[in-house]
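Asks: Here it is, the structure in full.
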């Protein structure tokens with residue numbers, strides 16, 4: 001699993017930007033290691049568990065983009081291994097477990113899965129909790145106190161990464177407990193007590209962070225960013241046509257997983273491929289439904305949200321592929337399964353190969369980025385770093401936040417993600433124009449402007465920027481960013497007069 005994850009994800013290590021959110025997590029982690037806590041020094045509407053994991057990666061592997069990508073690689077490999085273990089707990093053959101793990105690895109190496117996003121970071125913890133629930137379910141017992149403690153703490157840490165894991169946590173607890181209650185093996189009073197203890201265990205990591213922020217005198221900041229800001233985010237869902245488009249894009253990206261999963265759900269006359277197959281399929285379907293609730297919960301349907309569905313779909317797809325493989329000669333079923341898994345996981349290359357054939361550059365099909373195409377965020381950061389005095393701030397108005405990290409510049413505002421400061425939406429609960437004016441008055445040494453922005457800019461923010469640029473700054477360089485992974489357009493670098 002580790003080797004497969006490395007082979008499919010190593011090409012992403014040279015890219016500075018795959019998803020802008022990853023740049024914010026790196027920036028939060030860097031500031032944390034320098035003494036500035038997340039939410040206080042660098043604001044976000046996600047909990048602080050993700051930046052904590054990134055900070056540990058920076059400590060372990062060094063302060064670089066490679067470190068956060070290596071963290072993502074390890075998380076993916078761990079999740080794939082837990083999927084294999086889950087299949088074995090369910091009574092499935094080793095081949096099905098290996099297939100499920102490899103399908104997961106392959107389908108997190110496409111779309112937004114190459115960046116170390118929250119969905120990749122909490123997946124090992126939620127999958128491990130579900131594996132504990134499945135183990136108790138197969139043993140036809142309620143959770144032991146030891147299993148309950150492990151499950152609760154695993155899900156508790158996942159909650160510090162992103163709150164959408166709540167449906168998965170409910171499923172993990174209910175898997176063994178409801179059947180045990182129906183069989184009469186779990187008294188109602190004990191079940192209620194165990195549910196209360198489970199909820200407390202799930203809340204423990206968040207309560208620990210709350211205590212740490214309280215001791216620092218920043219409890220109000222912690223509560224506002226962790227709970228009130230996500231509620232503001234929910235008040236502004238994307239329109240239904242955009243939801244339909246995002247779901248369609250996800251279905252296209254996961255099409256082979258879906259096709260093979262259908263083969264498991266609708267066997268079309270094929271014999272069962274292993275004795276407990278129906279139990280495994282039912283579990284995977286429940287997991288998929290809980291995942292759908294988690295995807296829909298934030299009401300925004302960004303592409304990386306759909307990574308939550310990849311583990312249960314990979315499990316179903318591996319069962320479906322095993323069914324197809326056994327339709328022929330059972331003695332070569334494992335070889336047929338391997339071919340099906342490789343074919344299904346090859347989506348990572350198909351779109352790129354098609355585009356390179358179209359432009360006559362097929363020789364580049366084995367790389368995830370064109371060698372001739374410059375990494376513009378790195379170029380911008382290098383230009384800044386060459387002239388910036390130590391520990392001096394810059395301001396990235398509406399470009400990639402990774403520029404702060406790569407240039408080792410100080411950040412002039414706690415709302416360091418451009419989309420949170422200058423766009424038309426306000427999730428932070430502060431006066432954004434006042435904060436932007438404060439940043440510009442502080443006269444950062446450089447200002448980076450993307451003339452073809454990633455998001456809608458407030459007219460008031462644009463006016464404040466243009467006034468300041470015209471009065472106190474001069475344009476020193478431009479960069480033509482045409483890479484589709486980064487917002488294409490003209491990037492301007494302005495230096496303070």
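Asks: Mind checking the angle between helix 432-441 and the chain's longest principal axis? C-alpha axes, 0 to 90 degrees, to the nearest 10.
Replies: Tilt relative to the chain: about 50 degrees.
Asks: Another question, then. Going by average Cβ neighbours within 10 Å, how do the peptides 30-36, 293-299, 115-121 rank, with the highest at the top? List each step's numbers first, then the result.
Replies: On the way: 30-36: 16.0, 293-299: 17.7, 115-121: 25.6.
Order by mean packing, descending: 115-121, 293-299, 30-36.
Asks: Just the number, please: percent antiparallel of the DSSP beta bridges in the chain, rounded to the nearest 5.
Replies: On the way: 14 of 18 bridges.
About 80 percent, rounded to the nearest 5.
Asks: Using packing as a proxy for protection, rank 380-393, 304-317, 440-453, 178-191 so that the peptide with the highest average count of other Cβ atoms within 10 Å comes first.
Replies: Numbers: 380-393: 15.4, 304-317: 26.7, 440-453: 18.9, 178-191: 12.9.
Ranked by mean Cβ neighbours within 10 Å, highest first: 304-317, 440-453, 380-393, 178-191.
Asks: Here is a follow-up. Once every DSSP H run of n ≥ 4 in the chain is given -39500 (n - 2.57) and the sum is divided by its residues, what mean residue ellipticity at 222 nm do you get, rounded to the nearest 500 deg cm²/dmol? List each step's numbers first, then the result.
Replies: Values: 22 runs with 302 residues, N = 497.
Taken over the chain, the calculation gives -19500 deg cm²/dmol.
Asks: Now, a different point. Output the peptides 150-158, 460-468, 213-221 sorted from most to least packed, where packing is the average of other Cβ atoms within 10 Å over each peptide's residues. Kindly include the intermediate steps, with their values, before the conclusion.
Replies: Numbers: 150-158: 23.9, 460-468: 16.2, 213-221: 13.7.
Descending packing order for the listed peptides: 150-158, 460-468, 213-221.
Asks: With everything on Cα atoms, drop me the angle between helix 94-107 and the longest principal axis of the chain, reported from 0 to 90° to the nearest 10.
Replies: Computed tilt is about 20 degrees.
Asks: When a/c is below 1.5 the answer is rounded, else prolate if a/b is larger than b/c, else oblate, so apply that to the range 35-114 with a ≥ b ≥ c taken from the square roots of the Cα gyration tensor eigenvalues.
Replies: prolate
Asks: Restricting everything to alpha-carbon atoms, can you work out Rg to Rh for the range 376-496 with a Kirkwood hydrodynamic radius?
Replies: Ratio of gyration radius to Kirkwood radius: 0.92.
Asks: Ok, one more. For a footprinting-style exposure proxy, rank 127, 292, 339 by other Cβ within 10 Å, fewest first. Spell out each step's value before the answer.
Replies: Details: 127 26, 292 15, 339 11.
Exposure proxy ranking, most exposed first: 339, 292, 127.
Asks: Moving on. Calculate the translational D of the range 1-81 in whole µm² s⁻¹ from Stokes-Einstein, where the hydrodynamic radius comes from the Kirkwood formula applied to all Cα pairs, the temperature is 20 °C and the viscosity 1.002 mPa s.
Replies: On the way: Rh = 13.1 Å.
The Stokes-Einstein estimate is 164 µm²/s.
Asks: For the pair residue 259 and residue 480, what calculated FRET efficiency results from E = 1/(1 + (r/R0)^6), where r is the Cβ-Cβ distance and R0 = 45 Å, to the nearest 0.05? Working shown, then result.
Replies: Numbers: r = 40 Å, r/R0 = 0.89.
It comes to 0.65.
Asks: Then there's this: Going by alpha carbons, how many degrees (0 to 90, nearest 10) lie between the helix axis of 20-33 and the longest principal axis of the chain?
Replies: 80 degrees
Asks: Mind jotting down the distance between the C-alpha centroids of the range 182-234 and the range 1-50, whole Å?
Replies: Here the two parts' Cα centres lie 25 Å apart.
Asks: Expressed in nm to one decimal, what extension gain is obtained for the pair residue 66 and residue 207 from 0.36 nm per residue of sequence separation less their Cα-Cα distance?
Replies: Additional length available on full extension: 47.6 nm.
Asks: Taking a ≥ b ≥ c as the square roots of the eigenvalues of the Cα gyration tensor of the range 40-165, is the shape rounded (a/c under 1.5), prolate (a/b larger than b/c) or oblate?
Replies: Details: a/c = 2.52, a/b = 1.42, b/c = 1.78.
Because a/c hits 1.5 or more and a/b fails to exceed b/c, the range 40-165 counts as oblate.
Asks: Same structure, new question: In the range 402-433, whose amide N lies under 16 Å from the spot 7 Å out along Cα-to-Cβ of residue 467? List them in ranges.
Replies: 432-433
Asks: For labels at residue 188 and residue 223 in the simple 7 Å Cα→Cβ model, what's the distance in nm?
Replies: It works out to 3.5 nm between the two label points.
Values quoted throughout were computed directly from the atomic coordinates according to the rules given, and no laboratory measurement underlies them. No experiment lies behind these values; they were computed from the predicted model shown. In this analysis, Cβ positions are derived from the backbone assuming ideal geometry, glycine residues included, and neighbour counts consider all displayed protein chains.
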